[in-house]
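The values are calculated or read from the model by the stated rules, or taken from the named source; none is laboratory data. For clarity, every value in this text was computed on a predicted model and none was experimentally measured. FYI the Cβ positions are ideal-geometry reconstructions off the backbone, even for glycines, and counts take in every protein chain you see.
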Amino acid sequence: MLPMRQPAKWKILALILPLVGVLLLAGIPARGANLILNGALKPASPGCRAATTNLPGWTVSAGNIDIVDATCSGIRPAYGTYFVDLTGSGASDVATISQTIATDVGQQYRLTFDFGGNPQWQDFPYPNDSSYKAMAVFVNGAIAGIYGVETAGASVTDAQWIRHKILFMAASTSTEITFESLNGSISNPSVFGPFLDWVIVVPVTRE
Ligand SMILES: [Ca+2]
């Protein structure tokens, strides 16, 4: 759910974001290119999106997403400029997004991503919205993990980003990576959801 509001303090966040991005980049070891297209979750053109199914490189196979930046939400991304709320806006907004990558059979891969929770239900309460934001991750349709975060009492500008890692062995020449919101339902669609950012898959190399 993307409330469109822009308190002045958020503009300060927007100013420091480029610096944060540079610092994050400096910490990335320069090995194996990311197999995920648009792991930074950027929209097709600049600007936030509410209730979209267009995320370049990804298939939104259920629901819709919000593509958010610090300017429109006040919440800083884990990486780059944008991130995604996997429970979008409006009706039927509980999203599943996926991307299929080429993989080598028998090769081990490392999937890493940032997970957080939308705390802004505290300012814009919807009936039956849960303070606990959760997301499931699937690798080729098999559940690989469920992640959750308690947002009650969190600052409404804090996504509580935590980076997670999943190791998997490829069983076929293509592997589908899927992220599914566990917040909301058809009967209660308009809630604030789990956040996702900075998705990376690289082969694990022995050293
Ligand atoms: Ca991003």
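For segment 90-98, the condition of being more than 16 Å from the chain's Cα centre (by Cα), part of a loop (DSSP other than H, G, I, E, B), surrounded by 16 or more Cβ atoms within 10 Å (Cβ to Cβ) and away from the ligand (no atom under 15 Å from the Cβ) holds for none of the residues.
Checking each residue in segment 152-190 for being closer than 13 Å to residue 135 by Cβ and either away from the ligand (no atom under 16 Å from the Cβ) or outside any loop (DSSP other than H, G, I, E, B) (or both) picks out 162, 164, 166, 177, 178, 179, 180, 181, 182, 183, 184. All of 37, 24 fail the test of being within 16 Å of the ligand (Cβ to nearest atom) and modelled with pLDDT under 95, apart from 24. Of the residues making up segment 49-65, those that are under 19 Å from residue 39 (Cβ atoms) and hydrophobic (A, V, I, L, M, F, W, C) are 55, 58, 60, 65. Pairs linking a residue in segment 43-67 that is without any contact (Cβ under 8 Å) to a residue 12 or more places away in the chain to a residue that is surrounded by fewer than 13 Cβ atoms within 10 Å (Cβ to Cβ) and in a loop (DSSP other than H, G, I, E, B), with Cβ atoms under 7 Å and 6 or more positions apart or on different chains, are 54/44.
Of the residues in segment 72-81, not one is away from the ligand (no atom under 16 Å from the Cβ) and either in contact with a helix residue (DSSP H, G or I) (Cβ under 6 Å, 6 or more places away or on another chain) or modelled with pLDDT of 95 or more (or both). Residue 110 meets all of the listed conditions (1) within 16 Å of the ligand (Cβ to nearest atom); (2) closer than 15 Å to residue 163 by Cα but one, namely (1).
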